[in-house]
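In what follows, a structure is listed as structure tokens, so that the remarks can point back to it.
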Amino acid sequence: MDSWFTYLKQGLSRKLPKDRIIGKENYSSIKTNLKNLRPFISRHWRKGLLGSILIFFTSLLGFPQPLIFRYLVDNVILSRQLELLVGVILLLLGIALAEKLASLLQQFYFARFEQEVTLDIQHDLLERALHFPKSFFDHNETGYLMHRLSSDVQGVRWFFSSTIVYIITNFLRFVGGISLLFYLEWRLAIMVSVMLPGLWFSVRYFSGKIHALSHQGMEQQAIVASRLQESLSSVSLIKAFSSEFRAVRCLMSELKTAFQISLERTSVSSVANLAISSMPSIARTMVLALGAYWIIQGQWTLGSLLAFQAYLGYVFGPAQFLATTSLQFQNAVAALERISALFDIVPEENVGTGITVERLKGEIEFKNVSFSYDGYNQVLKDISFHVYPGEHVAIVGPSGVGKTTLLSLILCFYKPSSGEIYFDGRPASDYEVGSLRRRIGYVSQDPLLISGNIMQNLKYGNPDATQEQVIWAAMAAGIHQFIQSLPAGYETEIGEKGVKLSQGQKQRLSIARALVKEPDVLVLDEPSSALDRLTEKSLFQILPTLIRNKTLFVVSNRLSAIKEVHKILVLNENTIVATGTHQSLIESNPYYRKFVVTAD
Ligand SMILES: Nc1ncnc2c1ncn2[C@@H]1O[C@H](COP(=O)(O)OP(=O)(O)O)[C@@H](O)[C@H]1O
Ligand SMILES: [Mg+2]
């Protein structure tokens, strides 16, 4: 076990971590980041103001009490005025009650203000996150993002908590206290004031350290969340490779780092608090020493010394509050910086702008389209083809050649590095991207279903679909009979809490879901990879006739899927090497002949 001093030393030497999202360790200024909070606060400021007024009101109520006490002692008790006693007691009672009531309401209003602003930020952030470009999600782990989208928001609550109002009231008390000290004895007041810069500098020094440690702590927590999510979602892999202990060890090592940072933070904070709280004690002792000397010399009175000592509390109480708060502030700043990094991400292009598509004719053209994920390695090179409305197109090629990537470009998940994609004769960038995607039915290579029942899943892209439409689509995808054989039919729950489906059943559900959407363009990525030959054959016997007038892209190397299509694009080495029908390619293209024969 390391000693306290080791933790302190390590804690003091921590630097700001590199933010995974912005890819660097320097953030925008606090002023710029605070601007991100402005819209949320301005939406709810009234509730915050109500809470603030109540705090000021509560502090004001504290002021007359000593005066009333003086009145009680001098004018009631010492003057033996019994008839005034009831009134004074009632007044004190009334003030005490009003104070308690105001404080109760203030807590409620501030909690509500804080809650509503937080909820608003959370809402905005989630909406933004789902509009981040697809590439953003390719580069960031799910667990990590989950943590950043939820936990970091809690850290910024500080900015709209009642602490802010207490900072103002304490600052006012501090200024008032200092003035009183100067009024009482300016020489001692100067001596006390000399201590304040010391306090200021130690706060500044420790603030920087706490800032870095807060960042480190939050980042490490997000890493823990990411590892945990990864382990839980790949539990079959862990079991199959009997790597449970290794997985736990890996998780524990990240958790230990988190604990280490937390302990370092505690050590640094405790030293910071020691520095902050020792200043007032030193000041008090010095005042006592000098005051006693002056009294002995006959230059000062005992009463003045006692009063001065009492008023020191008026200065150091708030000063200490402000100093400790500014350390807490560092945590909130770190959270704000992390949230702001998310606010700064440029959303997908053409969300909410451009032409809204009601229907597509289904004409799609690629003109010299090249694409690279990372800017270096070309995945697709100079792809050109023209597909007319209602044409059925197959994309064929070896694994890793870029077939899925090509479909992702049709869905506008990414923008081509060069060249242009046209829908119905217009560049893709002219359209509102959501409305364009609404007209495209997509079956991904790895079909994803949501929790809920089968009906809800099938209606995912078209919640208004009728029962008949859904059954029609399920029949077309060859899954209707299976669904009917389930105990609750279309109402059967699937997912974590329900029936488990095979990969092939998922694929067919996913095809049916795309059909229920009644798209104008259907995009299928190896839709039959998990189906047996017979099922596959019957699927491709029915499907093409059912969607005769719709444009179809199907990625597949299976003969039954590509035999009947109007056009086949053969991909090899990142580009289209041949185009034609199955018959013409078999006759003219040796590569295709070899590929399809060996593939099937
Ligand atoms: N999200 C991604 N980020 C970076 N590279 C990717 C991504 N997806 C695929 N790739 C790369 O692009 C190439 C083509 O992949 P893909 O389109 O999935 O091939 P196919 O579907 O033909 O098997 C591969 O080399 C793969 O490593
Ligand atoms: Mg693929």
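Any idea what the relative contact order of the stretch 288-422 is, in percent, if you count C-alpha pairs under 8 Å spaced at least 6 apart?
RCO, the stretch 288-422: 20 percent.
Where a ≥ b ≥ c are the square roots of the eigenvalues of the C-alpha gyration tensor, would you call the stretch 334-414 rounded, which needs a/c under 1.5, or, failing that, prolate if a/b is larger than b/c, or oblate?
oblate
To the nearest 0.05, what FRET efficiency results for Leu274 and Lys15 with a Förster distance of 25 Å applied to their C-beta separation?
0.60
Taking the Cα atoms only, what angle lies between the long axis of helix 38-62 and the longest principal axis of the chain, rounded to 10 degrees?
Roughly 20 degrees, rounded to the nearest 10.
What is the distance, in nm, between label points placed 7 Å from the Cα along the Cα-to-Cβ direction at Gln583 and at Val73?
With each label placed 7 Å out from Cα toward Cβ, I get 11.3 nm.
Between the stretch 236-305 and the stretch 17-91, what is the C-alpha centre distance in whole Å?
Rounded to whole Å, the Cα centres lie 27 Å apart.
Would you please give the FRET efficiency between Ser151 and Val194, computed as 1/(1 + (r/R0)^6) with r the Cβ-Cβ distance and R0 = 41 Å, to the nearest 0.05?
That gives a FRET efficiency of 0.45.
Any chance you could give the angle, 0 to 90 degrees and rounded to 10, that helix 503-516 forms with the longest Cα principal axis of the chain?
90 degrees
Between the alpha-carbon centers of the stretch 519-585 and the stretch 428-452, tell me the distance in whole angstrom.
With the stretch 519-585 and the stretch 428-452 each reduced to a Cα centre, they are spaced 19 Å.
Between rounded, prolate and oblate, where does the stretch 138-200 land on the alpha carbon gyration tensor, with a ≥ b ≥ c its root eigenvalues, rounded for a/c under 1.5, else prolate if a/b exceeds b/c?
It is prolate, given that a/c is not under 1.5 and a/b is the larger ratio.
Add +1 for every Lys or Arg and -1 for every Asp or Glu among the other residues with Cβ under 13 Å from the Cβ of Gln445, and state the total.
Once positives and negatives cancel, what remains is -1.
For the stretch 66-180, what is the charge dipole size about the Cα centre, in debye to the nearest 20, if Lys and Arg each add +1 at the Cβ and Asp and Glu each add -1 at the Cβ?
Here the size comes out at about 400 debye.
Ignoring any ligand, DNA or RNA, what whole percent of the accessible area of the stretch 326-451 comes from carbon and sulfur when the probe is 1.4 angstrom?
Accessible surface attributable to carbon and sulfur in the stretch 326-451 totals 49 percent.
Please compute the net charge surrounding Thr535, taking Lys and Arg as +1 and Asp and Glu as -1 over other residues with Cβ under 12 Å from its Cβ.
Cβ neighbours under 12 Å give a net charge of +2.
Tilt of helix 82-130 relative to the longest C-alpha principal axis of the chain, in degrees (0 to 90, nearest 10)?
The two axes meet at around 20 degrees.
Sequence gap at least 6, Cα distance under 8 Å: using those rules, report the relative contact order of the chain to the nearest whole percent.
Computed over the chain, the figure is 14 percent.
In whole Å, what is the distance between the alpha-carbon centres of the stretch 168-185 and the stretch 385-412?
74 Å
State whether the stretch 218-358 is rounded, prolate or oblate according to the following rule on the C-alpha gyration tensor (a ≥ b ≥ c being the square roots of its eigenvalues): a/c under 1.5 gives rounded; otherwise a/b larger than b/c gives prolate, and the remaining case gives oblate.
Oblate, because a/c is 1.5 or more while a/b does not exceed b/c.
Between Glu420 and Thr353, how many nm apart are label points set 7 Å from Cα along the C-beta direction?
A separation of 1.8 nm, rounded to one decimal place.
For the pair Ser485 and Ile95, how long in nm is the line joining their label points, each one 7 Å along Cα→Cβ?
With each label placed 7 Å out from Cα toward Cβ, I get 8.4 nm.
Accessible surface of Arg438 in the full protein assembly, 1.4 angstrom probe, to the nearest 10 Å²?
Surface open to solvent at Arg438 totals about 140 Å².
Take the Cβ-Cβ distance between Gln541 and Phe108 as r, set R0 to 56 Å, and report the resulting FRET efficiency rounded to the nearest 0.05.
0.25
Which value in deg cm²/dmol, rounded to the nearest 500, describes the helix-derived mean residue ellipticity at 222 nm for the chain, given -39,500 (n - 2.57) per DSSP H run of n ≥ 4 and division by the residue count?
Roughly -21000 deg cm²/dmol at 222 nm, from the helical runs in the chain.
Per residue, how much accessible area does the chain show when a 1.4 Å probe rolls over the protein heavy atoms, in square angstrom?
Using a 1.4 Å probe on heavy atoms only, each residue of the chain averages 52 Å².
Taking the Cα centre of the chain as the origin and placing charges on Cβ (Lys, Arg +1; Asp, Glu -1), which of Ala98, Ile295, Ser243 is farthest toward the positive end of the dipole?
It is Ile295, whose Cα lies furthest towards the positive end.
The values are calculated or read from the model by the stated rules, or taken from the named source; none is laboratory data. These numbers come from a predicted model, not from an experiment. Here the Cβ is made from the backbone with ideal geometry for all residues, glycine too, and neighbour counts use every protein chain on show. We work out accessible area using only protein heavy atoms, side chains counted, and drop any ligands, DNA or RNA first. Shrake-Rupley method; radii C 1.70, N 1.55, O 1.52, S 1.80 Å.
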